[in-house]
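The structure appears below as structure tokens.
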Amino acid sequence: MNSLRRRLILLLILSIVGVVGLATAAVISVRGGGPPPELTVPWIAQQMELVVRLLPGPIPDVLRVQFTDHPAPGKVARAETAMLNDILQRRGFDLLAIISEKPDGPGQTASVQMPDHRWAITDVPHLKPPGREWLVLAGWISLIVAGATAVSVYFTSVLIRPLEMLEAAASKIGSDGVLAAVPEVGSAEVKATAHALNQLSSRLRTAMESRMRLVAAAGHDLRTPMTRMRLRAEFLDEERDKWLHDLDELDRIADSAIRLVREEVNQDAVETLDLRKMVEDIEAEMVSLGHAVSIGHLDNVSVRAGALGLRRALRNLIVNAATHGKACSIDLALADRRAVLTISDNGPGIPPDLINKAFEPFFRVDPGRQQFIPGAGLGLAIAKEIIERYGGTVTLENRQGGGLAQTVVFAAV
Ligand SMILES: Nc1ncnc2c1ncn2[C@@H]1O[C@H](COP(=O)(O)OP(=O)(O)OP(=O)(O)O)[C@@H](O)[C@H]1O
Ligand SMILES: [Mg+2]
């Protein structure tokens, strides 16, 4: 009972059944209690007084009295019995009177001993509902519960709809952090919520795109002064090589930033790709560039992704393994309808306390250590962004015997 929907349904049912149940109970207590003994007992006393006065003559039927040798059976109602004896005595009749509960149902019987020792027996007027009425009441309450449940389920689903829409929209936030478009249909409130969400989404998209453009523009504009500096560096006698090296580094960072933005903005179409073929192609390309990349076992697996993007992401991971990790081997397995690509290398790995930061842009484990391996620190950030955009995951793990294992998992098709 922890969802808001269930709680609301329960609350509505309880309040409807509670209110109707209380109202019914109030009506029954007002209507079904029968007349109080202050009204009925004096009337019985008067009736018995008449009978005593009429005896030994015939007793008219209208008085509804029967004569027996014993008082009526049943548990004695003390208060009513005392009241009847008291009234008879005050009127000057020295008679024994008993009011008892009927043993076989609701109601009471009055028994009064006549002077000739016979017992005159009559019913005490009674209006309590007979037993069957409780059945009717139970049916009535069940009907209310059924009606209240139907009404509660309907109104709760209407009330909850905007919240469900929010939940669905939030769960569809893409790797770019932007909400998917929500259909603007339904009641006024639902439409307003959907409209607000769509506006928020489009504002977010605009803001992201303008920041992206800013990054690209900054990277682009850096190139002009860098070209001038490179020309001037040619005229330096001392430290010329260091200057040129630093300028190369700046160049790579600007280039990577521009490429990141291009990947973000120009997303290629999703298609079914032969992952095995792609891995083989990248391996061939890496080997031709002089990297120590080898292939272990490759299963035949296809996945759905953008071809250019995925190739770029895998290339980034494999280049890392071949450069930072010295030499690497690639395996591709089909397990549980998932494509599992593992890139294992023999390098130094990443210190465990930094491994979570490796995917952050511009992260480099130890810039000093890697001064001979050029890079901007963007390769992993870009790879993760692309892989997650197509519904995959990428994880890093230090291997038992040293080196890093990079694992990419996609749903296989
Ligand atoms: N296989 C690996 N073995 C050891 N360290 C690694 C490995 N892969 C990545 N790293 C560490 O993580 C850092 C970030 O990697 P990332 O690919 O993001 O940047 P980069 O390779 O330095 O530069 P580039 O932007 O050119 O890829 C690297 O600088 C390196 O310190
Ligand atoms: Mg890299």
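Quick notes on this one:
- Residue list for the range 143-184, filter: in contact with a helix residue (DSSP H, G or I) (Cβ under 8 Å, 6 or more places away or on another chain) and loosely packed, with under 12 Cβ neighbours inside 10 Å: GLY174, GLY177, PRO183
Okay, residues lined up against (1) at pLDDT 90 or above; (2) out of contact with any helix residue (DSSP H, G or I) (no Cβ under 6 Å at 6 or more places or on another chain); (3) among the hydrophobic types (A, V, I, L, M, F, W, C); (4) within 16 Å of ligand 2 (Cβ to nearest atom):
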| position | (1), (2), (3), (4) |
| --- | --- |
| ARG315 | yes, no, no, yes |
| ASP345 | yes, no, no, yes |
| PRO348 | yes, yes, no, yes |
| LEU354 | yes, yes, yes, yes |
| GLU360 | no, yes, no, yes |
| GLY377 | no, yes, no, yes |
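- Filtering the range 390-406 to residues that are in contact with a strand residue (DSSP E or B) (Cβ under 8 Å, 6 or more places away or on another chain) and more than 14 Å from ligand 2 (Cβ to nearest atom) leaves TYR390, GLY391, GLY392, THR393, THR395, GLU397, ASN398, ARG399, GLY403, ALA405.
- Criterion (buried (at least 20 other Cβ atoms within 10 Å of the Cβ) and in a loop (DSSP other than H, G, I, E, B)) met by exactly one of ALA376, ALA383: ALA376
- Scanning the range 89-102 for residues that are closer than 20 Å to PHE67 by Cβ and assigned to a loop (DSSP other than H, G, I, E, B) returns PHE93, ASP94, LEU95, LEU96, LYS102.
- Among residues of the range 185-209 being in a helix (DSSP H, G or I) and among the β-branched types (Val, Ile, Thr), the one that is surrounded by the most Cβ atoms within 10 Å (Cβ to Cβ) is THR193.
- Subset of the range 332-362 that is surrounded by fewer than 17 Cβ atoms within 10 Å (Cβ to Cβ) and acidic (Asp, Glu) - its residue that is nearest to LEU275 (Cα to Cα): ASP336
- Scope the range 75-112; condition β-branched (Val, Ile, Thr) and within 19 Å of PRO36 (Cα to Cα); matching residues: VAL76, THR81, ILE87, ILE98, ILE99, THR109
The values are calculated or read from the model by the stated rules, or taken from the named source; none is laboratory data. Only a predicted model underlies this, so the values are computations on that prediction, with no experimental measurement involved. Neighbour counts run over all protein chains shown; Cβ positions are idealised from the backbone, glycine included.
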